[in-house]
1. Based on this model, can you work out whether residue B:35 counts as at pLDDT 85 or above and more than 36 Å from the chain's Cα centre (by Cα)?
2. Which members of the stretch A:488-503 meet the condition of being outside any strand (DSSP E or B) and open to solvent by 60 Å² or more (accessible area, probe 1.4 Å)?
3. Applying the selection to the stretch B:191-225, what residues are open to solvent by less than 10 Å² (accessible area, probe 1.4 Å), of a type outside the set (A, V, I, L, M, F, W, C) and within 29 Å of the chain's Cα centre (by Cα)?
4. What is the residue count in the stretch B:152-165 for residues that are within 14 Å of chain A (Cβ to nearest Cβ) and part of a strand (DSSP E or B)?
5. With (1) part of a loop (DSSP other than H, G, I, E, B); (2) modelled with pLDDT under 85; (3) open to solvent by less than 30 Å² (accessible area, probe 1.4 Å) as the list, and residue B:53 as the residue in question, which single condition is left unmet?
6. Name the residue that is modelled with the lowest pLDDT, counting only residues in the stretch A:437-471 that are more than 10 Å from every other protein chain (Cβ to nearest Cβ) and either open to solvent by less than 10 Å² (accessible area, probe 1.4 Å) or touching a helix residue (DSSP H, G or I) at 6+ places or on another chain (Cβ under 7 Å) (or both).
7. Among the residues that make up the stretch A:530-548, is at least one of them of a type in the set (Val, Ile, Thr), in contact with a helix residue (DSSP H, G or I) (Cβ under 9 Å, 6 or more places away or on another chain) and more than 11 Å from every other protein chain (Cβ to nearest Cβ)?
Amino acid sequence: MVRLKLVLVLFILCFASTSTGKEKEGIEEQFTEELLLRPLPDRKVLAHFHFDTRAPPTASYGRHHRIFPKAIYQLRSFLGVNQNAQSAMCKNMFQASSPEQSLTASYAGNSLAIKVLNTNLALLDQVHKFQVREMELSFTQGRWNYERWGGYDPIASSNVKPPGVELWAVFDVPQDQVDASWKNLTHTLSGLFCASVNYLESSTAYSAPDWSFREFSGNLRYGTLPREAICTENLTPWLKLLPCRDKAGLSGLMNRSSIYRGFYHSQRLHLTSGEFNSEAVNYGIMLEQTLTVVLEPNTLESGVTRSSGLALQPSWSLSSLFGRELGERCVLAKSSNVYVQLEGSLVSVLKNKWEETSAYEADTLSYEEGSLSNPSFELSVSPNRIIKEVNSLHPEGSSILYHYMMENYSDSKPFELEFKWKSPLVWSCPQAPLHASRFLMGSGNERGAIAISLQATKRSDDFLVADIDEKGCRLRVDVFQVVPWYVKVYYHTLKLFVDEKPQSQADIIEKMRVSPSEDKVSPGVMELILRLPCGVKSAAITLEFDKGFLHIDEYPPDANQGFDIPSAVVSFPDFQATMHFLEDNSSNELPLVSKMKERSSVLSYTEVLLVPLTTPDFSMPYNVITITCTVFALYFGSLLNALRKRVAEEESRLKSKAAKKSGRVPLLLSKLLAKVRGKPWEPPQAASTSSSQISYKLIFKVILVAGIAAVRRGKAAEAAQEKTCYNTSTLAFSSYI
Amino acid sequence: MAESEEPPKAKHRLLIRAGILIITHSLLVSVICCTAGVLALLLLPILAKNTYISENALLPGSARSMLSAHEFSDANKFVKEISSSNVEAASTGIETPRLIAQHIADLGGEVSYHKFHPQLNKFHPLYFFSSPDPGIVQVNYSCSSYGINTVGIIRAPRGDGKEAIVLVTPYNSLNITPGEALSLGLAYSVFSLLTCVSWLAKDVIWLAADSRHGEYAPVAAWLRDYHAPTFGGSGKPNAEICGEISALYESNANQFIGSEIADHFRRAGTIAAGLVIKVADRSVDVTRDTLSIYAEASNGQMPNLDLINTVNYLAVHGQGLLVKVEKFWSLLDSKWLKVFGEIFESVGKMAKSLNPQWVFGISAMEYIEGTATLASSLYNQLMQSLWKYHPSVIGTIRQSKLRLVEGVIRSINNLLEKFHQSFFLYLLTSSNKFVSVGVYMIAFALLVAPLPVVAASLYSDANKRSPTSVKHKLSSSPTSVDEAHITFRSWRWLSAAKTVFIVQLWGAVVTLLPYFICQLPNCTPTTSLLVWVSLSVFGLVVLHLVLGSPSAFVSASQPQEKEWALLKSVTVSAAFIGLCLMSVINFATAEIGALLIVPMCLMALPLRLNTSAHTFRAVARAAFNVVFILVGCPVVSTTSVLVSSGFGLNPSGYGTVPRTSLSVWFTFLAGFYVSTFCYILVDSPH
C-alpha cells in the first residue's frame, strides 16, 4: 500500500511538472468535433461526424497528453518518434535508476504501468518495429451507392470505404522490417477495436501496392477483410478514443439503434504523423476519426404522395434522425460545429424554382444563393454563418454550407435543428466521371472471369477536358485490384474493351504492374494505369481465372457461402474532389472545411465478389477413417490367416473335408431343422442325391425368409428414424414461431 | 476331369467360387437381375420417404408476415393499370415495360431495360465440349424481333451485395392475359414490400420477362448476359436503330428520384436462388387455392429439395393451400399401373395382416399418382429444361400467396450458405415425398449388374474353348512358341477392342455429321440426307482401310464363332462403363438408356449363327434380335432427334427445350451402341 501511495504521489508530481512545461511551448493539444448533414436525392440524409485530435510533436511536448487518446498515442509514439528521440529514450530507460523516471515512462506507455515497467526492454524492442507514418483503418457496413449519393465530392472520395475492414499503413522503417511492423500493427489494432484485424497478419491477406493506391513508394501495406461484421463492439472502443466519449458533445447523438439502422455505416480512423506531413508540421500527430452514416428519416406521410409522380422529400430533424437530442457540447473541444450542406445541383435547382415561383421578374436578381427565405425548404434554426463554395468545378452550381456553432447550446437549451421541405425537388449528386462496377463471369466450379466495367455517367461529358496531350484528350484511370491466391488469375488473358470494341493493350494501358499470386504465400496484385479516350461511353477489363483447391485446414468456418474477392479501387487522378470556399480566416480554423479544401483524387471502390469454390464434405474425414480402418482390418486379418496356416495343415484339412463329403452348411441346416421340428438330431446318412436336393430347397427358403425379414426390419427402423427426425424439426420450427 | 484319383485339389476361396458360380449361371443371373431392376423401379413410389427441411437456417415461417393491406391495394391498382395500358397500346409492346419500370423507380428500386433477341434454336453437338462462353453470333436482327425485359433491383440496405435472389414473372408484352397481369401484380407487391424492409441480406432482382418469343427465351437471354456477357457487343440491339426502343428512354426523363433508368445491364451478386411465378389463367377447380410446383432439373440435378420443402411447408402449414407437383396426367388412367398398384396394395395389406408393424403398402391411387409424378420427374431430368420452378397460383391475388412468396424469399434470405450439395439428387413422388439417390440407384444397379457378368462369362467361354484347339495344334511345338501363344492369347481381346473403337468412332462421326451438313449453304433436306448417307458410308470405308480390317487379322488365327463372343464381351463391358458414368451425371438418362440398351446387350447375336442352326430357339432368338434392333434404333434415334432438334414436348407450356449437352452425349452413347450392335448383327460373320 505504501508503495502504491508513493507511486501515486510521484505520478501527480510528475504530471504537474510536465503540464506546466507544455504551456511554455505555445502549441496546445486540440480537439474539434463537427457534424455535417446533407440531404440526399433519394429521400435519405447523410450524416458525417468528424472528430479531429492533434498533439504537438513529442520532442517539444513530451509524452503526456490531456486529450489525445493514450492507446493511439502509444501506438503512434512507438511509431513516429524519430531515431534520435528513440535513442534518447532508450538511454533514459536504461538509466532509469530513479523511480520517477521509470514511472513517467511507464505512464506514457500503458495504463498497465507495473507490467510495462517490468518489460521495458520488450517495449523498446517495439519502438523499432512500429514506425507508422500514416495509417487508416475503417469499419464499414453496407455499400455506398455511387449513383445516387455521389462520388465526386470530398466526403465521398475520402470517406467511402468497402464493406468490412480496410487497413492501410505507411511505415517509416527499412524495407525488410515493414512486414514485421505490419504484423505487430494488426495485432495491436485487433486488440484495440475488438475486430479480427489480426487476420491481416498472414501474408496471403495483405499486399504492397506500388503506386496505384496512394502515392507512396514502397512502404505501404494494404489489406481488407470483406466479411468482417461491424457492430457496436467496434464502435465503443472507437468512441473511447474521444475525450468526451459519447457522454457529451456531438458523439452524444450516436444512438446505436438508429445509426446501425442506416443504409451505410462507416467508421474510420486516420492517423498522420506530423513529422512526415507538410500540412501539419506544427503537430506531431493528428488523429482524424470520422463516422459516416446514411439514414432514412422516418416518414409517415410518404405513401400519400407516392402516386402523384413527384414525392415530397421527407423532412427531418436531429432528434428524428438519431432519436436523441444534441445537448451540451464537449467542453474539451476547441470548436464544436454542425453544418448543413446543400449540394451544387440542389442549389441550382432551388434557384430555378425560385425563378419560377417568384411573382416579380425583377426580383430574380435579388435572389441570394443560400438565403433561407425560399419556397422549397426551411431550417428551423438560422445558421451562424453561410459558407459558399467558389470556383466550383461542377457545372451544376456551387454548394452551400450552413454553419452552426455549438457554443451557444447546452443541456437546458438543446440544439434542435429541423429541416423541412416545402416543395418536391429532384436533383442528383455529382458523380465520378466513370461508374465502376465489377462482376464475375462464367459458371461452374472450375473457371471464371472477373470483369471490371466502367460506364460513363451522365454528366461526365462536361468535365472531360482534363488532360489533353499530344495524343488527344485522354482520361486517366487507375485500377488496383488484389485477388486471393485461391483464385488463380491469368494476367495474360487481360482483355480491354472500349465502347464495346476490343482494344490492344498497348493503346490503352500506360503502366502496368502485376505480381502474380503465389500459392498459400501471397495474393495476386494488379495495378493499372489506363488512358481512355475522353468521349468514352463504356470500357471493360476482363481477366480469366481458375479456381484453386484448398487444403481442408484452410477453409474458413462458413466455406459453403463462398469466398470473397476484396473490392478493387478505381481512382481518377485527373479529377480532384476539392471545394474552394471564400477565403476567410475563420473558416481556416474549421477542420472539416479545411479537409474539404484538400486535394484528393476521386476514388471509388467496386463491389466485393463472391466466388463459390468447391468445398469438401467436411464430414468426409470420418468416412475415410472408417473405410480405411475396415480395409486395414480385412487386409491384416487375411494376411495373418495366410501366415498362420501351414501347408500340411491345409492339406490335411482338405482331406478330412473330402472324407466327410457332406458340407458344413447342410450339416448345420439339418441341425437347425431338427431343432425347429423339435426332434433329436440324427447324424446324416450316407450322401444321397435326394437329401442334397432337399437341403438346396431349404437354403433357398431360409434365405428368402431371412431376406424379407431383414428388409422389413431395416425399413421399419428407417421409418422410425425419419419420423423422429421430422418430429424434432417440426418441434424446432414451432418453437421458433 | 477326374478329381477322385488325384490328391484333393485346393479349392478356391469362397468369393471366387461365388464369382465363378455367378458367371457360369450368367443367363439366370441376368434374367433375375433385369426383372428385379424393373421391379425395383416400379417399387420406387412405395419406397418414397417424407420430406424434411434439412437446412435449419432456412427457418421457414418463423417470422410474422409484414404484408399489409397497403401493398395489397397497391398491387391491385398496378394490375388494373397494366391491363388498361395494354388495351390502349396493344401493338408496340413497350407500354408495359415502361409502366413497370416507372413503378419500380417510384418504389426506389434500380431499374434497367434488358433488350434481347431470341437466340435461334440451333443444335450444337459440340456445345458440351466447348468452353462455357459462347461465340458471338453475327446475325442481323430486325427491330421487331426484340424483346424488352424489365429488371428491377433492390439493394439490401446493410448487405454487402454478394448474393441475389431472382424473382421472375413472364408476361407477353404484346397481349397480356389476366393471369400474367396478376403474376406481375403479385411480384410488384412483394417487391414493394421488400423495398422498405430492413432484414434483407441479399439483393432482390425482379425480372419481368417479356415472353413474346416464348417464356424460355427472355430468361435464358438475361441469364446469358448476366453470366457470360459479350463485350464485343455486335449482337446487341442498339437503341439508335430502333425507334421504338429509344422511345422508352425519352418518355420518363427526370421523373425519378435520384437515378435514371439505366441503359446498361444492371447486376447484383451471385444468384443464390430463383423463383418463377406464374398465375394460371384457367379458373377450373377454384374450390381451394392450389399451388403447383414445377421442379425441373438441369444437368441431372433437381432444384434443391430444401427450396421445394420450404414452399411446401409454407403453403401447407402457413397458408393452407393445396400443393401439387407436376405429373404425367396420361399415366393416371393407365390400366397396367392400376393393376400394379392393386397388387402392391394387396401385398401391403397381407403383410399388415401378418404383422401389424409392417406398414409399407400404399393405396393403389397413391401409387399411381406417385408413379405419374416420378415419371414426370424422370422425364424432366431427361429433357433437362431450364432451371425453373414455379409455384403457380390460381385465382386473384390473395394475401395468402403474397405471404407465401414473401416467406420463401425471407427463408432464402436467411440462408448464409449455398444450398447443401446432397439435396439435389432425388425424385419427387408427391409434394411431400421423395426418393433419395441411395434408393433409386438400386434399381439402376440391378438393371446394369448383368452386363459385367455376361461380359465375363463370354470372355471365359471364349478362352476356355480355344485352349483345347490351340493345345491340340501346338502339342508338338517347342515351349518357347507355346509361351508366345499364351501371351498372344491373353491379349487377344485387344483386336476386339479395336473393332469396337472403330465402330464407335464411326458412330460418333455419323452423329456429328448432320450438324456440319446443316452448315452447308443451300441444301434441301433430301440432298443433305444423301450427303449424310454417302459421307457416313465413306467414313466407314476410310476407317476400315486406315485401321485395318478388324476381322481379317483375327479370323486367321481363331475360329469365327469365338470371335463374336470376344467382340460382344468387349462391347458389353464398354456399354457397362458408359452407363455407369452416365448414371453419375444424369440418372434419368442412364436409367432410360439402360432400359433400352441392357436387353439389346444381352440378346444380340450374329444372325448367321442363328440361321445356321435350324432349331426353334435359334430362330426365335434371331427374331428377337431383329425386333430389338429395329425397335431400339428408332426409339433411341427419335429420342435423340427430339432432344437434339430443340423442339420438344414440354408439358409446362414452355415452347422450346434448350439444347443440352448431356442429352447430346446420351445420343452419342446410344449411337455408339446401336451401331455396334448393328455391326455385331450383320457384319461379324464374314
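1. Values: at pLDDT 85 or above: yes; more than 36 Å from the chain's Cα centre (by Cα): no.
For residue B:35, the condition - at pLDDT 85 or above and more than 36 Å from the chain's Cα centre (by Cα) - is not met.
2. Of the residues in the stretch A:488-503, the ones outside any strand (DSSP E or B) are A:499-500.
Within the stretch A:488-503, just A:500 meets the criteria.
3. Within the stretch B:191-225, B:210, B:218 qualify.
4. As a first pass, look at the stretch B:152-165 and keep what is within 14 Å of chain A (Cβ to nearest Cβ): B:153-165.
Then drop every residue that is not part of a strand (DSSP E or B), which leaves B:153-154, B:163-165.
Result for the stretch B:152-165: 5.
5. (2)
6. Of everything passing the filter in the stretch A:437-471, A:460 is modelled with the lowest pLDDT.
7. So far as the stretch A:530-548 goes, yes, one or more of its residues are of a type in the set (Val, Ile, Thr), in contact with a helix residue (DSSP H, G or I) (Cβ under 9 Å, 6 or more places away or on another chain) and more than 11 Å from every other protein chain (Cβ to nearest Cβ).
Residue-wise test of (1) touching a Cys at 6+ places or on another chain (Cβ under 9 Å); (2) more than 13 Å from chain A (Cβ to nearest Cβ); (3) surrounded by 17 or more Cβ atoms within 10 Å (Cβ to Cβ); (4) modelled with pLDDT under 85.
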| position | (1), (2), (3), (4) |
| --- | --- |
| B:400 | no, yes, yes, yes |
| B:420 | no, no, no, yes |
| B:433 | no, no, yes, no |
| B:440 | no, yes, yes, no |
| B:451 | yes, yes, yes, no |
| B:468 | no, yes, no, yes |
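The values are calculated or read from the model by the stated rules, or taken from the named source; none is laboratory data. Predicted, not measured: the structure shown is a model, and the values here were computed from it. Because the Cβ atoms are built from the backbone with ideal geometry, glycine has one as well, and the counts that use them run over all protein chains shown. Side chains included, ligands, DNA and RNA excluded: accessible areas come from the protein's heavy atoms. Shrake-Rupley method; radii C 1.70, N 1.55, O 1.52, S 1.80 Å.
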